[in-house]
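Worksheet for the structure shown next.
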Amino acid sequence: MSTIVDHGYIPEEHAPDPVIGHGDPTPPGKIAIWMFLASEIMFFIGLLGTYIIFRSGQPKLFADQHEVLSKPLAAANTLILIFSSLTMALAVDAGHKGNRNKVVGFLLLTFLCAAGFMCIKTVEYRDKYHHYTVVANEGGKVYCYDGHIQEKDEKGEEVPDNMMMIHGYRMEVTGNSFNINLISEHEMKEMNGGAKAEPHEYEIPRASISQSMWYGPWKNNFFASYYILTGVHGLHIVCGMIPIFILLCQAGRGKVMAPAIEYTGLYWHLVDLIWIFLFPLLYLI
């Protein structure tokens, strides 16, 4: 006569662990990273939605001001991030196979790509830091200058404190009112019939300057959106570089942490995907 013992079941036993037993094989770490990525997607959807609302309210401003940005630099950054996604995927594959040398090589390439992206973004920010729109009253006439501020003149001598040297374009403002937010180097070219207008160097006495504004986040809604979107994305790039560097160091010491590399790779692919949306929205349309 058979008993419950013959069937291998003892009522006092607990159910098998769902992770290491016959239940759900998904590691808790992967579930956690997907939940985190879902929150990141919702965060960026809010930022992109705000940008779209601002753009729909001021279509001409956004269409004009995006011409000031450097499309070649942004395109180079796009290619860099796409390549970094490839190297990250290869690092994940090498980690699962336990190939330490490939893990080190591909993680190093991914880290260098991220550093290159941030260097190019720094160049873009630096260019905008020196880009000014200046309104000056000279000889009873009002002029608007749009260009880059220089610390030295054409002879290599430093500009005196009471002067401002700008390498750009000048337009005489007629009428009683004007909007300095809609004036840029690129619009000067359009006003010149589409021909390439050569910029000139102007020395402006600081006493005659009534308004001056650099291309910062407070210039207009477009640049406020530009700095917030690219700044937050750049912060995510830096946050991704930290675990990549840690995993690279661990792999260099002979410890390949395959699950951690996979989770970092998922995060990195999301950061790359977000830039794929930012590039056309900010630079192309």
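The values are calculated or read from the model by the stated rules, or taken from the named source; none is laboratory data. These numbers were taken from a predicted model, which means no experiment stands behind them. Please note: Cβ atoms are built from the backbone with ideal geometry, for glycine as well, and neighbour counts cover all protein chains shown.
Here is how the numbers come out for the structure above:
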{"quantity": "Meets criteria (touching a Ser or Thr at 6+ places or on another chain (Cβ under 7 Å), in a helix (DSSP H, G or I) and among the aliphatic types (A, V, I, L, M)) for Leu270", "calculated": "no"}
{"quantity": "Output for segment 265-285, where each listed residue is of a type outside the set (A, V, I, L, M) and farther than 12 Å from His66 by Cβ", "calculated": "Gly265, Tyr267, Trp268, His269, Asp272, Trp275, Phe277"}
{"quantity": "Any chance Ala94 is surrounded by 16 or more Cβ atoms within 10 Å (Cβ to Cβ), closer than 17 Å to Leu248 by Cβ and either of a type in the set (A, V, I, L, M) or at pLDDT below 90 (or both)", "calculated": "yes"}
{"quantity": "Any hit, segment 256-265, residues being touching a Pro at 6+ places or on another chain (Cβ under 8 Å), of a type in the set (A, V, I, L, M) and either in contact (Cβ under 8 Å) with a residue 24 or more places away in the chain or assigned by TED's automatic domain parsing to the domain that holds Phe43 (or both)", "calculated": "yes"}
{"quantity": "Of all residues making up segment 26-75, the number that are over 16 Å from the mean Cα position of the chain (by Cα), assigned to a helix (DSSP H, G or I) and over 29 Å from Asp127 (Cα atoms)", "calculated": "13"}
{"quantity": "Sole exception among (1) modelled with pLDDT of 95 or more; (2) over 18 Å from the mean Cα position of the chain (by Cα) for Thr78, by number", "calculated": "(2)"}
{"quantity": "Some residue of segment 218-229 being among the aliphatic types (A, V, I, L, M), at pLDDT 90 or above, surrounded by fewer than 15 Cβ atoms within 10 Å (Cβ to Cβ) and assigned to a helix (DSSP H, G or I)", "calculated": "yes"}
